[in-house]
Amino acid sequence: FFFIVLSYVQIFRAMLRIPFEQGQHKAFSTFLPHLAMISLFVTTAAFAYLKPLSISFPSLGLVVAVLYSVVPPAVNPLIYSMRNLELK
């Protein structure tokens, strides 16, 4: 996990060094939706697997399973289509 976070920091730093404003805009418009999807997936996965054992509601497990397995793939096309000018 540390190396993944480190690689994203390196990508972000490299994008900041792009000299032209239009080039930075294109890089950020590609990187930020990807980062949003990864964040959504990691957050729901962390909540699913790192919840305290004292919380044992059966319905909470179902909600977490839906958040982890259904929400990221369902939101993925929406987030990546935000780059499309026709949908904006």
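The values are calculated or read from the model by the stated rules, or taken from the named source; none is laboratory data. Model, not experiment: these values are computed from the prediction. Neighbour counts run over all protein chains shown; Cβ positions are idealised from the backbone, glycine included. For the accessible areas, the whole protein counts, side chains as well, though only heavy atoms, and no ligand, DNA or RNA atoms are used. Shrake-Rupley method; radii C 1.70, N 1.55, O 1.52, S 1.80 Å.
Things worth noting here:
- Descending Cα extents along the principal axes, the range 1-65, whole Å: 53, 21, 11
- Carbon + sulfur, % of accessible area of the chain - ligands and nucleic acids excluded, 1.4 Å: 73 percent
- The chymotrypsin sites (Phe, Trp or Tyr not before Pro) of the range 17-49 meeting both criteria, a DSSP state outside H, G, I, E and B (loop) and at most 10 other C-beta atoms within 10 angstrom of the site's C-beta, are Phe20.
- Per residue, the solvent-accessible area of the chain (1.4 Å probe, heavy atoms of protein chains only, all protein chains present) comes to 79 Å².
- For the chain, the longest principal axis of the Cα atoms and the long axis of helix 71-80 meet at an angle of about 10 degrees.
- Annotation note: trypsin sites (Lys or Arg not before Pro) in the range 1-70 located in DSSP loop regions with a Cβ neighbour count of at most 11 within 10 Å are Arg17.
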